[in-house]
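S.K.: Handing you this structure, nothing more for now.
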Amino acid sequence: MQISSESRKVSELFPILGNVHYHVPSYQRGYSWRDEQIGQLFEDIRKEDAGYYAGNILLTGDEDSFSVIDGQQRLTTISLFLLAIGERLAEYSHLESAIGLKLDIRRQLLDSTGEPRVVLLDQDQVIYLDLLGALHGKHHKKWGNRSFIRRYRYIKELFGEDCGSFEKLNEFYQKLMQVDLLRVTVPNLGDAFTVFSSLNSKGLPLTLIDLLKGEFLSAAQKIGELPSQTLAQWNTLAQMLSADGEDVNTGVVTQFLLNNWDAFESSSLSSTTKTKALSQYQRLLPIRYGGGENYLQVLIGRAEVFSRISQLNKTLPKPGNLDEKLASLKKLESTQALPLLMYLLSERDALLLDESDLTEIADNLVAFYVRRNVALTPKSSNIRARLIGVMRSIQRDKKSGCDVVDVVKSALLEMSVSDEQFRVALNQPLYDKSKATARYILIDIERRIGGGPTFDKGHPDNLDQYLVTESGKVTPIWSIEHILPEGDLPKWWVKDIAEGDCEKAAGLQSEYVHMLGNLTLTPYNSELGQKPFYSESDPFGGSKRDLRDKGSGTFVGLRSGLYLNKSIADESRGEHLEEKRTWTVEDIVRRNAVLSDLVIELYRRD
């Protein structure tokens, strides 16, 4: 592999003379940097010393015409910085130095024939060309709320806020010209992927899907398909693998392509990788398309299954059906099972599997993953290899119907820890091991054993629902509450668990605070905080036990009515929660045993 790499300043990448051009190939995604990334590069250039290193760009081509394999976002952003400076210079047209600087920028962004040095994808290039008209004193069109124009507006705001004079504007320009980038030039796409996968640069790295888009465009020509048709199918595939109403999630699409290979195209027990997958698909596509098959259409069908497994549409499934089990598996971080599930759901007709068969398999996977995440056995890599092996045996032995169900259940039983091992693991801090699994278990106990007594038609179950804050942060309505709190213990907790001995209290807290027996659920986590278990001076607001909602006056603390909270009091000894005044280590140990029995019953090994 012949690779050329050299440090280049922005002044060399965007020279005043010459006809160097950077073309964004059709397999690339469009300009996708957001305000946060743009603002970070702007601040780095503004605050760092001259000669700041801003990452790398990966190219194919020669000295005059390059295809941008990686670094499109960075190059485009730099060109927009230059354009914004050029626009601002119109305010200083009375200064000769400003006129000269604007002419330099025009030469940097446009070649000697007036063509742009950076050639973006069609949807971005139309707007970009219009914006470049500002270098000739033209006003650009109104582009509404298009993503590209929003990003440019943000850039102009940055220069308006932090470069309020010609001197500051010129200072930023001079530092921008001194910014260093590592320019790496490679012969072809395959080599490009190998190189940029090993580079650790800022920004959004090019993904496997961007490179494969080019491979599909090339291979599809063998069946007489127009590039526009292939791109339309590719966009359909990408959108199917993105959550409703959201931008294309390149990470999810990449995971689909990797799992597709493991499930349908490989005969190995080991998983492919992003680096291997490119060359593997490069070999596969000419064969498939050469045989007259539209492989993208095949992938679209499989993507529909992957989307269902991954619960990308975010709709709440009905209790007890297959989609509810798939949603549970997603919460339990069961990505190792993806190839098997993709294969079973995609080939369900050929395998003679009905909905009840698939639901039974998913239910057994849920039980297996709860036990696995609590006991941390077996290792994740071993699970994937074993489940791929199960899939290969089903294919090899031509299993179908209930035999497929039995093969999967048998493998899960063999991998799963025993009840004794499970109980030992449940007597260890659960929250530390997996917060997601701890939350899943608590919600499952409340629903399946408690029956959700606090929920009714007027107050539907919202245990799995989330809120979006004004800052855009997504938080669950119900979160895990530590009865004995985390953090520095106030004096009342030190008194309850260690008779006032601070050192002893800290040691007991460290050992027991994350035990299942100390956990419950609440939508009032911030209000409960470090409050005492019970407060004699403020019985209806100052304690975790008796906290009330200020509006309705109903109990929202530990007396909220959750089934989970019944075991806080030792009812076997006639204790009642409304009368209980302390919460001790002995209570945590006792309740841990009660809840462990429920967990073992819920997630039995069939």
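What follows is calculated from the coordinates using simple rules that are stated; it is not laboratory data. Here the structure is a predicted model, which means the values were calculated and not measured. Don't worry about glycine lacking a Cβ; one is built from the backbone with ideal geometry, like all the others, and counts go over all protein chains shown.
S.K.: On full extension of the chain, what length is gained from residue 96 through residue 8, given 0.36 nm per residue of separation minus the C-alpha to C-alpha distance?
M.R.: 28.8 nm
S.K.: Related question: Kindly provide the GluC sites (Glu not before Pro) of region 505-557 that DSSP labels as loop, not H, G, I, E or B, and whose Cβ sees at most 15 other Cβ atoms within 10 Å.
M.R.: 536
S.K.: Select from 58, 159, 123 the residue farthest towards the positive end of the dipole of region 4-198; place +1 on Cβ of Lys and Arg, -1 on Cβ of Asp and Glu, and compute about the Cα centre.
M.R.: Checking the options against the dipole of region 4-198, the answer is 123.
S.K.: For residue 606, put the label point 7 Å out on the Cα→Cβ axis and report which residues of region 403-446 keep their amide N under 13 Å from it.
M.R.: Answer for this model: 403-413.
S.K.: Give me the percent of DSSP beta bridges within the chain that run antiparallel, rounded to the nearest 5.
M.R.: Expressed as a percentage, antiparallel bridges in the chain total about 65.
S.K.: For the chain, find the longest principal axis of its Cα atoms and tell me its angle to the long axis of helix 166-178, 0 to 90°, nearest 10.
M.R.: Its long axis makes an angle of about 90 degrees.
S.K.: Moving to a separate point now. Could you compute the FRET efficiency for residue 269 and residue 466, with r as their C-beta to C-beta distance and R0 at 41 Å, rounded to 0.05?
M.R.: Step by step, r from the Cβ atoms, then E = 0.65.
S.K.: For region 335-419, which trypsin sites (Lys or Arg not before Pro) are both in a DSSP coil and crowded by at most 11 other Cβ atoms within 10 Å?
M.R.: Those that pass, being in a loop and sparsely packed, are 379, 398.
S.K.: Estimate the FRET efficiency between residue 355 and residue 488 by the formula 1/(1 + (r/R0)^6), using the beta-carbon distance for r and 60 Å for R0, to the nearest 0.05.
M.R.: 0.70
S.K.: So, one more: Taking only DSSP H segments of four or more residues, each worth -39500 (n - 2.57), what value at 222 nm results for the chain once the sum is divided by all its residues, to the nearest 500 deg cm²/dmol?
M.R.: The per-residue figure over the chain is -15500 deg cm²/dmol.
S.K.: Just to confirm the number: angle between the C-alpha axis of helix 35-47 and the first principal axis of the chain, 0 to 90 degrees, nearest 10?
M.R.: Tilt of helix 35-47: around 60 degrees.
S.K.: Additional query: Pull out the extension gain between residue 550 and residue 474, defined as 0.36 nm times the separation in residues minus the alpha carbon to alpha carbon distance; nm, one decimal.
M.R.: Length gained between residue 550 and residue 474: 24.9 nm.
S.K.: Related question: Given +1 on the Cβ of Lys and Arg, -1 on the Cβ of Asp and Glu, and no further charges, what dipole in debye does the chain carry about its Cα centre, rounded to the nearest 20?
M.R.: The calculation lands at about 640 debye.
S.K.: Which FRET efficiency value, to the nearest 0.05, is calculated for residue 283 and residue 395 with the Förster distance at 22 angstrom and r the Cβ-Cβ distance?
M.R.: Calculated transfer efficiency: 0.60.
S.K.: Cβ neighbours within 10 Å, averaged per peptide: list 12-19, 516-523 in order, most packed at the top.
M.R.: Going by the mean number of other Cβ atoms within 10 Å, highest first, we get 516-523, 12-19.
S.K.: Long-range amide H contacts for residue 5: which residues qualify at under 5 Å (H placed 1.01 Å from N, peptide plane, sequence gap of 5 or more or a different chain)?
M.R.: 185
S.K.: Is region 1-133 rounded, prolate or oblate when judged by the Cα gyration tensor, a ≥ b ≥ c being the square roots of its eigenvalues, rounded requiring a/c under 1.5 and prolate requiring a/b larger than b/c?
M.R.: Rounded is the answer for region 1-133, as its axis ratio a/c remains below 1.5.
S.K.: As I understand it, the value is the acute angle between the Cα axis of helix 208-220 and the longest principal axis of the Cα atoms of the chain; what does it come to in degrees, rounded to 10?
M.R.: So the helix axis and the longest Cα principal axis differ by about 60 degrees.
S.K.: What is the dipole size for region 271-375, taken about its Cα centre, with +1 at each Lys and Arg Cβ and -1 at each Asp and Glu Cβ, in debye to the nearest 20?
M.R.: 620 debye
S.K.: For region 435-602, calculate the relative contact order in percent as a whole number, restricting contacts to Cα pairs under 8 Å that are 6 or more residues apart.
M.R.: 23 percent
S.K.: A further question follows. Counting only residues 5 or more places away or on other chains, whose amide H sits under 5 Å from the amide H of residue 23 once H atoms are built in the peptide plane?
M.R.: Amide H to amide H, under 5 Å and 5 or more residues apart or across chains, residue 23 pairs with 66, 67, 68, 119.
S.K.: Here's a follow-up. Using θ = phi - 60° and the Karplus curve 6.51 cos²θ - 1.76 cosθ + 1.60, what whole-Hz ³J(HN,Hα) does each residue of region 516-532 get, with Gly and Pro shown as x?
M.R.: 3, x, 9, 10, 8, 10, 7, x, 10, 4, 5, 6, 6, x, 9, 4, x
S.K.: Give the distance, in whole Å, between the Cα centre of region 1-64 and the Cα centre of region 473-548.
M.R.: 52 Å
S.K.: HN-Hα J couplings of region 297-307 from phi, Karplus 6.51/-1.76/1.60, θ = phi - 60°, integer Hz, Gly and Pro as x?
M.R.: Karplus values, whole Hz, x for Gly and Pro: 5, 4, 5, 4, x, 6, 5, 4, 5, 4, 4.
S.K.: Still on this structure: Please compute the modelled spin-label separation between residue 503 and residue 35, points set 7 Å along Cα→Cβ, answer in nm with one decimal.
M.R.: 5.3 nm
S.K.: Setting aside same-chain residues fewer than 8 positions from residue 531, which lysines have a Cα under 23 Å from its Cα?
M.R.: Here the lysines satisfying the reach criterion relative to residue 531 are 435, 491, 495, 504, 544, 550, 566, 580.
S.K.: If I model a spin label as a point 7 Å beyond the Cα along the Cα-Cβ vector, how far apart are those points for residue 495 and residue 130 in nm?
M.R.: Label-label distance for residue 495 and residue 130, simple model: 7.0 nm.
S.K.: Which whole-Hz couplings ³J(HN,Hα) result when phi for each residue of region 480-489 is put into the Karplus expression 6.51 cos²θ - 1.76 cosθ + 1.60, θ = phi - 60°, listed in order with x for Gly and Pro?
M.R.: Values per residue, Gly and Pro as x: 6, 10, 8, 4, 6, x, 7, x, 5, 7 Hz.
S.K.: Oh, and also: For the pair residue 161/residue 178, report the inter-label distance in nm, with labels modelled 7 Å from Cα in the Cβ direction.
M.R.: Placing both labels 7 Å along Cα→Cβ, they lie 2.5 nm apart.
S.K.: Using DSSP to call loops (not H, G, I, E or B), can you name the trypsin sites (Lys or Arg not before Pro) in region 492-587 whose Cβ has at most 16 other Cβ atoms within 10 angstrom?
M.R.: 550, 581
S.K.: For residue 459 and residue 50 in one chain, what is 0.36 nm times their gap in residues minus the Cα-Cα distance, to one decimal in nm?
M.R.: Separation in residues times 0.36 nm, less the Cα-Cα distance, equals 141.2 nm.
S.K.: Follow-up question, since we're still on this one. Under 1.5 on a/c is rounded, so check that first for region 435-602, then, if it is not, pick prolate when a/b is larger than b/c and oblate when it is not; a ≥ b ≥ c are the square roots of the alpha carbon gyration tensor eigenvalues.
M.R.: Judged from the Cα gyration tensor, region 435-602 comes out rounded (a/c under 1.5).
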